[in-house]
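I have placed the structure first, in the form of structure tokens, so that the comments after it can refer back to it.
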Amino acid sequence: MERIESYSEFYRFYLSEHKNKTCRILHFTGTFLVFVLIFLAVYMGRSDLWYFVPLMGYGFAWVGHFFFEKNKPATFKYPFWSLISDFRMFFDIVLGRISLDGTKDPV
């Protein structure tokens, strides 16, 4: 596979690697829990909660990839764009721009 050069091209690739509904639900759940943990860490002044942020985010996502999507996470090849895309996909789902089952993805 060729190296992806633009973020817009990457995000289309990213969505194509997240077609499985269970994988998307796990990504969504993990990202939601990341926001909850960040809020609690700041609000309660609990610096120990920061350790769980990557565990929640990547843990749920990687279970989705390895057991449901059956592909390798894009994080391994494009770590920064993949992280940005996790949050973008979360908000695209919340705002109704894409669906959990992949039927409303941009072409």
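The charge dipole of region 8-94, taken about the Cα centre with unit charges on the Cβ atoms of Lys, Arg (+1) and Asp, Glu (-1), comes to about 200 debye, rounded to the nearest 20. Picking from TYR78, TYR14, TYR58, which is most flexible by a Gaussian network model of the chain using Cα springs under 10 Å? Looking only at TYR78, TYR14, TYR58, the largest GNM fluctuation is found for TYR78.
Amide H to amide H, with H built 1.01 Å from N, TYR78 comes under 5 Å of no residue 5 or more places away or on another chain. For a test of understanding, tell me how many lysine pairs in the chain have Cα atoms under 18 Å apart, given they are 8 or more places apart or on different chains. So the count of such lysine pairs works out to 6. The slack between LYS104 and GLU9, meaning 0.36 nm per residue of separation minus the straight C-alpha distance, is 32.5 nm. With the gyration tensor restricted to C-alpha atoms of region 8-94, the semi-axes of the equivalent ellipsoid amount to 23, 13, 12 Å, longest first. Treating the angle as unsigned and between 0 and 90°, give the value, to the nearest 10°, between the Cα long axis of helix 52-63 and the longest Cα principal axis of the chain. Approximately 30 degrees, to the nearest ten.
According to the Cα-based calculation, Rg over Rh for region 5-52 is 1.18, with Rh computed by the Kirkwood formula.
Using C-alpha pairs under 8 Å with a sequence gap of at least 6, the mean separation divided by the residue count of the chain gives a relative contact order of 35 percent. Taking each DSSP H run with n ≥ 4 as -39500 (n - 2.57) and averaging over every residue of the chain yields -19000 deg cm²/dmol at 222 nm. TYR11 sits among other residues whose Cβ lies under 15 Å from its own Cβ, and their net charge, with Lys and Arg +1 and Asp and Glu -1, is +1.
The slack between ILE25 and PHE39, meaning 0.36 nm per residue of separation minus the straight C-alpha distance, is 2.9 nm. Once the Cα-Cα distance is subtracted from the 0.36 nm per residue extended length, the TRP50 to PHE66 segment shows a gain of 3.3 nm. Between 0 and 90 degrees, the angle of helix 7-16 with respect to the longest Cα principal axis of the chain falls at about 90 degrees.
Every read-out reported here was derived from the displayed coordinates using simple, explicitly stated rules and does not represent laboratory data. Note that the coordinates shown come from a computational prediction; the quantities given were computed from them, not determined experimentally. Note: ideal-geometry Cβ built from the backbone for every residue, glycine included; neighbour counts use all protein chains shown.
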